[in-house]
Amino acid sequence: MQLRYNFRLYPTPGQRQTLAQAFGCARVVFNDGLRVRTDAHAAGLPYISDGDLSKRVITEAKKIPERSWLGEVSAVVLQQALADLNKAYRNFFDSVTGKRKGPKVAPPRFRSKRDNRQAIRFTKNARFSITPGGKLRLPKIGDVTVRWSRALPAEPSCVTVAKDAAGRYFASFVVEVAEQPLLMAEPEAGIDLGLSAFAVLSNGRKIDSPRFLRRADKKLKRLQRALSRKAKGSNNRAKARLAVARQHAKVADTRREFHHQLSTKLIRENQAIYVEDLAVAGLARTRLAKSVHDAGWSAFVGMLEYKARLYGRVFHRIDRWFPSSKLCSACGALAASMPLNVRQWECPCGAVHDRDVNAAINILAAGRADRLNASGAQVRPGPAPAQREEAGSLRGAA
């Protein structure tokens, strides 16, 4: 499987200027290609092939004075920018025709030099390398200092150099990594993700929500108020914008570190992990949007998924409509309703449930059923028949 390894870069002032030029050239090629295809579509002309587009916006463009500076950067950078445009078009077409599952993909948009992230990509054809002194050698840029936090497990197939909104530079290497199965573990865990507790395990363990954004809210408000007072286009406004971006980057880095540590710990301790397929996009449009974004469930679940594959563990998502909170884990009875303010409830069978722990136990049972029930046998207790007054309730209102 392929993994990305990210490392911080520390380019010199001259290298920063050269990187800025490369970012700009890649952006111009992307926008030129998008403009050519957009104009051709508006004129009713056939779709321009990838090869013809490359000739027009790279090969022929270098010969005209207005685009002669494209020859000052690596040709691989320009080709990769055009490859990103072609991939964006393929994703859009596949989404329109139904070949691509999930939310609809919008058509490509023009890139701006004011985007929060600027990036270029070098493949093996660019002949980038790591010097004996540990620096990253990039064509037409030079040897860039890298802060190596760990060694690369194999030779990278490509590297992406990116600059974020906080002005930091990173190198992201794509490396082919073999699976590294861990020793068999007995426990299996169902995980219920939430806001009051970040995660509740089926064994009753609760992991508190760090709420990194909420904790930094006071400082962010002060920095954003200072930014709003600065005159547009002034140097002081640029400094204030950078201070806000750095604070947001600090929050994002801390959250990512928390996700990595927790996901690694859960994968090492459990042979199988079962989680609920949450509708994060829908929850992010409610009054809980800020807390939902602060939790970062999607990133955390994504880490669990790829680490389970890397270490030979089982990972499974439960249907988001499964009523994990309303279903009694003892007898299988389904409660008529379960408002969010109800944190503990008693089933008619006499069992008293903590809402989140009960949901995690049900997620574990549902995951085992989906995993083991290949022949269609009944593995978990079926839900009780719905009452007549429940027929019009929302699906999965847990």
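Laboratory data are not the source of any read-out in this text; all were calculated from the coordinates shown. None of the values given here were measured: they were computed from a predicted structure. Heads up, the Cβs are rebuilt from the backbone with ideal geometry, glycines too, and the neighbour counts pull from every protein chain shown.
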remark   = Partnerless cysteines (no other Cys beta carbon under 4.7 Å) identified across the chain are 25, 158
key: Helical mean residue ellipticity (222 nm; -39500 (n - 2.57) per DSSP H run of 4+; nearest 500) of the chain   = -12500 deg cm²/dmol
key: Mean Cβ neighbour count within 10 Å, used as a protection proxy, ranking 319-330, 304-315 highest first   = 319-330, 304-315
query = In degrees from 0 to 90, rounded to the nearest 10, what is the angle of the helix 217-229 Cα long axis to the longest principal axis of the chain?
reply = 40
ask   = According to a simple spin-label model (label point 7 Å from Cα along Cα-to-Cβ), what is the distance in nm between residue 185 and residue 239?
value = 4.9
key: Over the range 76-160: Rg over Rh, Cα atoms, Kirkwood Rh   = 1.08
remark   = per DSSP, antiparallel bridges as share of beta bridges in the range 2-176, % nearest 5, sits at 100
ask   = Helix 355-372 sits at what angle to the longest principal axis of the chain, using alpha carbons and giving 0 to 90 degrees rounded to 10?
value = 80
inquiry  = Given Cα positions, please report Rg to Rh for the range 180-288, the hydrodynamic radius being the Kirkwood one.
reply    = 1.14
remark   = Gyration tensor on Cα atoms of the range 1-88, a ≥ b ≥ c root eigenvalues, a/c under 1.5 rounded, else prolate if a/b beats b/c, else oblate, says oblate
note = D (µm²/s, integer) via Stokes-Einstein for the range 2-176, Kirkwood Rh across alpha-carbon pairs, 20 °C, 1.002 mPa s: value 122
Length-normalised contact order for the chain - Cα pairs under 8 Å, 6+ apart - percent = 15
key: Theoretical FRET efficiency, 1/(1+(r/R0)^6), r = Cβ-Cβ of residue 131 and residue 369, R0 56 Å, to 0.05   = 0.55
task = Output the relative contact order of the range 45-109, whole-number percent, from Cα pairs under 8 angstrom with separation of 6+ residues.
result = 21
message = For the chain, take the longest principal axis of its alpha carbons; what is the angle in degrees between that and the long axis of helix 235-269, to the nearest 10 within 0 to 90?
response = 50
inquiry  = Eigenvalues of the Cα gyration tensor times 5, then square-rooted: what semi-axes does that give for the chain, in whole angstrom, largest first?
reply    = 46, 25, 24
inquiry  = Between residue 62 and residue 269, what is 0.36 nm times their sequence separation minus the Cα-Cα distance? Round to one decimal in nm.
reply    = 68.9 nm
note = Short to long, in 5 Å steps from zero, the percent of alpha-carbon pairs of the range 188-390 per bin is 1, 7, 13, 16, 16, 13, 11, 7, 5, 4, 3, 2, 1, 0
